[in-house]
Amino acid sequence: MPRRPFAIFASALIGTAVGTVAGLLLAPDAGSSTRQGLLARASELLDQLPFAIGDRVGQLPTTLDDLRYRLGVPSRPRRIDASFIQLYREGGG
């Protein structure tokens, strides 16, 4: 019974070593290149975020009306104002 914890520890250690070697051998780019690519992609996504939010905000009244219809709840007047997103898209924000 005392050998079982050692076997678990040894298996974890071997698995870590094999995973590290496999990662190093199969990595497509150097670490600095990968970091630069990730930063560039993150920057692109942050630039697109206001547009994605604006699209969702613009769809929200229709989605809520559809949900109210399905639930049989009477429609309420629309109060959502997405003009700030429109201003951003036009370059005013």
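The values are calculated or read from the model by the stated rules, or taken from the named source; none is laboratory data. Not measured: the values here are computed from a predicted model. In this analysis, Cβ positions are derived from the backbone assuming ideal geometry, glycine residues included, and neighbour counts consider all displayed protein chains.
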Given (1) at pLDDT below 80; (2) not in a loop (DSSP other than H, G, I, E, B), number of the condition Pro61 does not satisfy: (1)
Of all residues making up the stretch 1-59, the number that are under 15 Å from the mean Cα position of the chain (by Cα) and charged (D, E, K, R): 3
Subset of the stretch 64-73 [in a loop (DSSP other than H, G, I, E, B) and loosely packed, with under 10 Cβ neighbours inside 10 Å]: Gly72
Meets criteria (of a type in the set (Phe, Trp, Tyr), modelled with pLDDT of 85 or more and part of a helix (DSSP H, G or I)) for Phe9: yes
Matching residues, the stretch 27-42, being surrounded by 10 or more Cβ atoms within 10 Å (Cβ to Cβ) and of a type in the set (S, T, N, Q): Ser33, Thr34, Gln36
